[in-house]
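Chemist: I am attaching a structure below and will ask some questions about it afterwards.
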Amino acid sequence: LARSAASRAGMRTLALVRLPSSNLAEGELTHLERTPIDAELADTQWEKYVAALEAEGFTTVEVPAADGFADSVFVEDAVVILDNTAVLTSPGAESRRGEIEGVAAAIPGLDLGMDVETIELPGTLDGGDVLKVGRTVYVGRGGRTNAEGIRQFRAIAIARGFEVVAVPVSRVLHLKSAVTALPDGTVIGYAPLVERPELFTRFLAVPEETGAAVVVLSPDTVLMAASAPLSAALIEDLGYRVVTVDISEFEKLEGCVTCLSVRIR
Ligand code: CIR
């Protein structure tokens, strides 16, 4: 039985995931040209992504599929977890607003007694723009998240003892397309896409764009995309174990490893 350090330590490790919609290929594109999506391969990659989380000790919970919502597989954008509070987001892309209902309905079923807060229009905020590093929450202000969304989010986060730092994002879709954080809090990113690296306490540049995204699986293990072998090698050199998954079909839609799940500890 594969059990991660996190689960051995008795930490709660749930991950929300959502089955790809049958119209996945019609997902939103902002910075990339549309290229054909192999839907069958996407389903296989998704299953392997879910299997990788489970192999590392996560219990995955499937949010009922939102068929017809092409981007619904990117479930991270719909909800942000702050301790015991689920913040339902207000997607910046109109085509994605219908994704929230199903995620909202799934929260009570987790049986965690979570508080629920919501970001309301005209505020917009995508979960992909929210990066938590300890008690600091970086929020990207860009194409999907607006100032009013950040204002609402800040009030929710500050009330729960988090510090909120807003970061401009214009070169990529979401803040977390450009930067994520290692278990020790070092923020990693692909420098040409990071506008203000000095906003992060510790910043480390990685050599590939898709190498900027890691999912923390435990204090010593991260999940990365197979498309970033040089970045994976760099992170292994820092003493981490790197688990890789091929998510090529989701990368064609500007998705990365983080956005395919919501981790709840
Ligand atoms: C979108 O444009 O909304 C989707 N095609 C991709 C969303 C990726 N989400 C993320 O990085 N958090």
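Here, each number is a calculation from the coordinates, and none is a lab measurement. Computed from a predicted structure; not experimentally measured. Cβ atoms come from the backbone with ideal geometry, glycine included; neighbour counts cover every protein chain shown.
Chemist: Hey, what do the phi angles of the stretch 93-98 turn into as Karplus ³J(HN,Hα) couplings, whole Hz, using 6.51/-1.76/1.60 and θ = phi - 60°, x for Gly and Pro?
Modeler: Those phi angles translate into 9, 4, 4, 9, 5, x Hz.
Chemist: Provide the descending list of Cα extents for the stretch 78-154 along its principal axes, expressed in whole angstroms.
Modeler: 34, 31, 16
Chemist: For the chain, what is the mean residue ellipticity at 222 nm derived from helices alone (per DSSP H run of n ≥ 4: -39500 (n - 2.57); sum divided by total residues; nearest 500 deg cm²/dmol)?
Modeler: On the way: 7 runs with 58 residues, N = 265.
Estimated from H runs of four or more residues: -6000 deg cm²/dmol.
Chemist: Using θ = phi - 60° and the Karplus curve 6.51 cos²θ - 1.76 cosθ + 1.60, what whole-Hz ³J(HN,Hα) does each residue of the stretch 165-182 get, with Gly and Pro shown as x?
Modeler: Couplings: 10, 8, 10, x, 10, 9, 8, 9, 5, 10, 3, 7, 6, 9, 9, 9, 10, 6 Hz.
Chemist: Can you compute the equivalent ellipsoid semi-axes for the stretch 152-265, i.e. the square root of 5 times each eigenvalue of the Cα gyration tensor, sorted largest first and rounded to whole Å? List each step's numbers first, then the result.
Modeler: Values: eigenvalues 99, 53, 46 Å².
Calculated on Cα positions only, the semi-axes equal 22, 16, 15 Å.
Chemist: Give me the dipole magnitude in Debye, nearest 20, for the chain about the Cα centre, with unit charges on the beta carbon: positive for Lys and Arg, negative for Asp and Glu. The partial results should precede the final answer.
Modeler: Values: 23 positive and 38 negative charges, 198 e Å.
Approximately 960 debye in magnitude.
Chemist: Out of all DSSP beta bridges with both ends in the chain, state the antiparallel percent to the nearest 5. Show your work: numbers first, answer last.
Modeler: Values: 18 of 41 bridges.
Taking every DSSP beta bridge within the chain, about 45 percent pair in antiparallel fashion.
Chemist: To continue, here is another question. Counting other Cβ atoms within 10 Å, keep those with at most 16, restrict to DSSP loop, and tell me which trypsin sites (Lys or Arg not before Pro) in the stretch 166-214 are left. Please list the in-between numbers first.
Modeler: Details: sites: 171, 176, 202; in loops: 171, 202.
Passing sites in the stretch 166-214 are 171, 202.
Chemist: Here's another thing I want to ask about it. Please report how far the C-alpha centroid of the stretch 200-245 lies from that of the stretch 11-69, rounded to the nearest whole angstrom.
Modeler: The two parts, judged by their Cα centres, are 20 Å apart.
Chemist: Whose amide H sits under 5 Å from the amide H of residue 165, counting only residues 5 or more places off or on another chain, with H placed in the peptide plane?
Modeler: Distant-sequence amide H within range of residue 165: 137, 138, 139.
Chemist: Additional query: Which of rounded, prolate, oblate describes the chain, given a ≥ b ≥ c as roots of the alpha-carbon gyration tensor eigenvalues and a/c under 1.5 marking rounded, otherwise prolate only if a/b is larger than b/c? If you can, show how the numbers build up before the last one.
Modeler: Working: a/c = 1.10, a/b = 1.06, b/c = 1.04.
In terms of gyration-tensor shape, rounded.
Chemist: Just want the answer: with Cβ charges of +1 for Lys and Arg and -1 for Asp and Glu, which residue in 169, 36, 253 is farthest toward the dipole's positive end in the chain?
Modeler: About the Cα centre, the residue reaching furthest to the positive side is 169.
Chemist: If amide hydrogens are placed 1.01 Å from N in the peptide plane, which non-local residues have theirs closer than 5 Å to the one on residue 60?
Modeler: Amide H to amide H, under 5 Å and 5 or more residues apart or across chains, residue 60 pairs with 15.
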